[in-house]
Amino acid sequence: QVQLVESGGGLVQAGGSLRLSCATSGIIFSMFRMGWYRQAPGKQRELVASIRSSGSTNYVGSVKGRFTISRDNAKNTMYLQMNSLKPEDTAVYYCNALKEWGAGNYWGQGTQVIVSS
């Protein structure tokens, strides 16, 4: 059974930091591109950052220089370090695992991030 469990969300003031974690089980973690998505109220879900099995990363422009995605293949866990948070970062953040070769696309349940001004 595949499980992706996010943690680390919460309420923080603008300018503050949070670190999200996504612990996975039931998948061969190293075979998956991992990503963080977010969805704000009334908006579409967007890809915030992704990291391939090779370690290469990609970020949406609005978070470049503030967020850092990383992965620990030994712990089957992905992270998102979020610094200099802004109210517009407020959203539910979802963990995604997308198999780089073949079928497999899994989601976590989401963790709420609220940034107060």
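The values are calculated or read from the model by the stated rules, or taken from the named source; none is laboratory data. Since we're looking at a predicted model, the values are computed, not measured. With ideal geometry, Cβ positions are generated from the backbone for all residues, glycine too; neighbour counts draw on all protein chains shown. The protein model used for the area step is the full one, side chains on, heavy atoms only, and it has no ligands, DNA or RNA in it. Shrake-Rupley method; radii C 1.70, N 1.55, O 1.52, S 1.80 Å.
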Within segment 80-103, whose backbone N sits under 14 Å from a point 7 Å along Cα→Cβ of ASN73?
-> 100-101
Please list ASP72, ASP89 in order of solvent-accessible area, largest first, computed with a 1.4 Å probe with all protein chains present.
-> ASP72, ASP89
Point-charge dipole on Cβ atoms (K/R +1, D/E -1) for the chain, about Cα centre, debye to 20 = 140
Excluding ligands and nucleic acids, what accessible area in Å² is computed for ARG19 using a 1.4 Å probe, to the nearest 10?
-> 130
With r defined as the distance between the Cβ atoms of ASN105 and GLN44 and R0 fixed at 22 Å, what FRET efficiency is calculated, to the nearest 0.05?
-> 0.80
Determine, from the Cβ-Cβ distance of GLN112 and SER84 and an R0 of 25 Å, the FRET efficiency 1/(1 + (r/R0)^6), rounded to the nearest 0.05.
-> 0.85
Can you give the accessible area per residue of the chain, in Å², using a 1.4 Å probe?
-> 52
The chain, accessible surface, carbon-and-sulfur percent (1.4 angstrom probe) | 48
